[in-house]
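As structure tokens, the structure follows; a few thoughts come after it.
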Amino acid sequence: MNIILLGPPGAGKGTQAGFLVEERGMVQLSTGDMLREAKASRSEMGKRVAAIMDAGELVTDEIVIGLIREKLQTTKASGVIFDGFPRTLKQADALGELLTEMGQSLDKVIELRVDDVALVDRIVGRAEAAIAAGEKPRADDNAESFKTRLMEYYKQTSPLIGYYYAKGLYSRIDGMASMDEVKASLAERLDS
């Protein structure tokens, strides 16, 4: 089963993906992790990624799709969770074409629906908890940076909701529920 978890930063996608990896043997394909891994590998693709990232530029969709292709070719799992990709309609089309080419399909797209104000409070609280624990919070775990990230999500990624709804793949769950309730709702969607 190949799925996409949608939702703004801080919605809990990574946490829930971790449960699916642990309990269902799925593989989480995080574009951020794949780019860092490619950069560190020093392969031909890794050198291209490193040059782009070191210049402070965005990695092209073509490169990201190439990395996803490599992962799908080498992954032996009961399914894949796409995390951080696709972010745009163009990327969604490219992912669909890639999966079709590889004889695979996308099975479900599940949005973790959250309240924006509560989400900002959650992120600020995460930073405060890190400081209280003597740790350094993420640089972007502050209200202003987070609001900018949230706006980018709504501008670029939220159109995917209608895109996947039209394909009959979309459903949503309450991302503001407790972690266990979100986990149970996610399992219910995947098993239906």
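The values are calculated or read from the model by the stated rules, or taken from the named source; none is laboratory data. Note that the structure is predicted; figures quoted are calculated from it, not measured. Note that each Cβ is placed from the backbone with ideal geometry, even for glycine, and that neighbours are counted across all protein chains shown. All accessible areas refer to the heavy atoms of the entire protein, side chains included, with ligands and DNA or RNA removed. Shrake-Rupley method; radii C 1.70, N 1.55, O 1.52, S 1.80 Å.
Can you tell me which residue among 80, 21 is β-branched (Val, Ile, Thr) and closer than 16 Å to residue 6 by Cβ?
Step by step, each of 80, 21 is checked, and only 80 is β-branched (Val, Ile, Thr) and closer than 16 Å to residue 6 by Cβ.
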**Asked** Out of all the residues in region 25-34, which are modelled with pLDDT of 85 or more and part of a helix (DSSP H, G or I)?
**Response** 34
**Message:** Condition first: in contact (Cβ under 8 Å) with a residue 60 or more places away in the chain and in contact with a strand residue (DSSP E or B) (Cβ under 9 Å, 6 or more places away or on another chain). Now tell me which residues in region 19-56 satisfy that.
**Reply:** 20, 21
**Request:** Take region 168-192 and flag every residue that is out of contact with any strand residue (DSSP E or B) (no Cβ under 7 Å at 6 or more places or on another chain) and more than 18 Å from residue 81 (Cβ to Cβ).
**Result:** 168, 176, 177, 178, 180, 181
**Request:** Mind listing just one residue for me: the one in region 128-147 that is in a helix (DSSP H, G or I) and at pLDDT 90 or above and, of those, surrounded by the most Cβ atoms within 10 Å (Cβ to Cβ)?
**Result:** 130
**Request:** Take the residues in region 85-117 that are in a helix (DSSP H, G or I), touching a residue at least 12 places away in the same chain (Cβ under 8 Å) and open to solvent by less than 70 Å² (accessible area, probe 1.4 Å), then tell me which one is nearest to residue 10 (Cα to Cα).
**Result:** 116
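Condition check ((1) basic (Lys, Arg); (2) open to solvent by less than 70 Å² (accessible area, probe 1.4 Å); (3) modelled with pLDDT under 85; (4) outside any helix (DSSP H, G or I)) across all residues:
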residue: 8; (1), (2), (3), (4): no, yes, no, yes
residue: 11; (1), (2), (3), (4): no, yes, no, yes
residue: 16; (1), (2), (3), (4): no, yes, no, no
residue: 40; (1), (2), (3), (4): no, no, no, no
residue: 47; (1), (2), (3), (4): yes, no, no, no
residue: 57; (1), (2), (3), (4): no, no, yes, yes
